[in-house]
Each structure stands twice: as C-alpha cells, then as structure tokens.
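Here the structure comes first, spelled out in structure tokens, and everything after it is commentary.
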Amino acid sequence: MIKQEEVYRIGRLGKAHGVKGEVSFQFDDDIFDQIDADYLVLDIEGILVPFFMEEYRFRNDSVCLVKFCDIDTQQQASELTGCDVYFPRALADEADTVPSLNSLVGFQIVDAKGNQAVGRIAAIDDQTANILFELEDGRLIPANDDLITDIDMSKQQITMTIPDGLLDLRD
C-alpha cells in the first residue's frame with residue numbers, strides 16, 4: 001500500500017479527451033517528464049493507486065493528455081476526472097535533478113544558526129515572483145536559493161539561514 005508520505009502532489013486530472021481513454025492532466029510539476037517514470041499515483045477515493053502510462057503528449061506548459069494502461073474508453077477515462085495526481089518521492093530522490101518545489105511540501109525547515117526546527121512546509125506560494133514556503137503554522141519564509149544551505153532528501157529537511165526577526169513576523 002502506498003503511503004501519503006511516499007508521494008507528493010503534482011497535479012489533477014481533468015476531463016476525458018476523445019474516445020480512446022485519454023484524459024487531460026493539469027500539472028504543477030513536470031517531474032514525470034524529467035524522470036523516466038512508468039507510472040503516476042492517483043488518489044482514488046482516498047486510496048493511492050499506481051496507474052501505468054502508455055503515453056502522454058503535451059498540449060501546453062501546464063496540460064498534457066495522458067493515456068493510462070487498461071483505460072481504453074471515454075467512460076473509463078471520465079471516471080478518473082478530478083483525481084489528484086502524485087509522484088513517488090523515491091523516484092524523484094534517485095534523479096540527479098534539483099528537487100522541485102512541490103516535492104519539498106512536508107519537509108522540515110531547520111534554522112542553520114541554532115540548528116533549531118522552525119516548522120514543516122504545508123504549501124508553496126508561487127503566485128508572485130518571490131516564492132514562499134508556507135509553514136503549517138501560517139508563517140511564510142522566502143524560498144530563496146541564497147538562504148538555503150542544505151536540502152537533505154532522505155531526512156526530508158531543509159537547512160536555511162533565516163534572517164533575524166523573520167520568524168517573528170505574522171500576517
């Protein structure tokens with residue numbers, strides 16, 4: 001059984017496309033194209049299920065059409081509409097690529113100065129030019145490369161040099 005901590009969300013399935021089982025996939029992270037992945041994990045009514053891909057093709061920078069194995073009709077594809085799509089952390093960790101922002105959700109942030117845990121990343125705010133880590137307690141920390149001193153994928157931990165006073169700021 002696949003556990004939630006073994007995957008991270010990369011998008012959501014949209015409507016069925018055509019009559020041969022293709023489905024549109026709106027993605028936030030194209031890691032599935034950067035790493036040779038045979039499958040994606042779908043959340044089917046709260047259960048994480050691997051679905052093997054036959055093929056996919058990009059429509060634009062954030063949408064592709066996916067054909068999953070054994071999904072051969074429009075009816076079967078439409079049953080997948082609205083499913084969240086996840087990618088296995090283990091496959092992402094094996095790659096020699098820079099980790100994607102989405103893969104960092106759930107990581108613990110540690111302040112490099114005192115080696116103190118600051119909080120866990122609940123979401124990534126990338127709505128502006130300044131990308132922010134949103135912690136579970138609502139605090140925001142800039143996801144700036146200059147502040148990040150280390151990312152330990154196995155420990156799911158990011159060590160950062162956090163400017164004085166930043167953690168005291170609230171909305």
Worksheet item: Does any residue of segment 78-100 turn out to be open to solvent by less than 20 Å² (accessible area, probe 1.4 Å), at pLDDT below 95, aliphatic (A, V, I, L, M) and in contact with a strand residue (DSSP E or B) (Cβ under 6 Å, 6 or more places away or on another chain)?
Response: no
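Yes or no, residue by residue, for (1) part of a strand (DSSP E or B); (2) out of contact with any helix residue (DSSP H, G or I) (no Cβ under 9 Å at 6 or more places or on another chain); (3) among the acidic types (Asp, Glu):
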site: Val19; (1), (2), (3): no, no, no
site: Ala37; (1), (2), (3): no, no, no
site: Val49; (1), (2), (3): yes, yes, no
site: Leu65; (1), (2), (3): yes, yes, no
site: Asp70; (1), (2), (3): no, no, yes
site: Gln75; (1), (2), (3): no, yes, no
site: Leu80; (1), (2), (3): no, yes, no
site: Ala92; (1), (2), (3): no, no, no
site: Arg120; (1), (2), (3): yes, yes, no
Fill in: segment 126-169: number of residues that are of a type in the set (Asp, Glu) and either surrounded by 13 or more Cβ atoms within 10 Å (Cβ to Cβ) or under 20 Å from Arg89 (Cα atoms) (or both)
4
Fill in: Of all residues in segment 101-115 being open to solvent by less than 30 Å² (accessible area, probe 1.4 Å), within 19 Å of the chain's Cα centre (by Cα) and of a type in the set (A, V, I, L, M, F, W, C), the one that is modelled with the highest pLDDT
Ile109
Worksheet item: Is there a residue being touching a Phe, Trp or Tyr at 6+ places or on another chain (Cβ under 9 Å) and at pLDDT 90 or above anywhere in segment 143-156?
Response: no
Fill in: For Arg12: the one exception among (1) in contact (Cβ under 8 Å) with a residue 40 or more places away in the chain; (2) over 25 Å from Asp93 (Cβ atoms)
(2)
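The values are calculated or read from the model by the stated rules, or taken from the named source; none is laboratory data. Keep in mind it's a predicted model, so treat the numbers as computed, not measured. Cβ coordinates were reconstructed from backbone atoms using ideal geometry, including for glycine residues, and neighbour counts include every protein chain displayed. Side chains included, ligands, DNA and RNA excluded: accessible areas come from the protein's heavy atoms. Shrake-Rupley method; radii C 1.70, N 1.55, O 1.52, S 1.80 Å.
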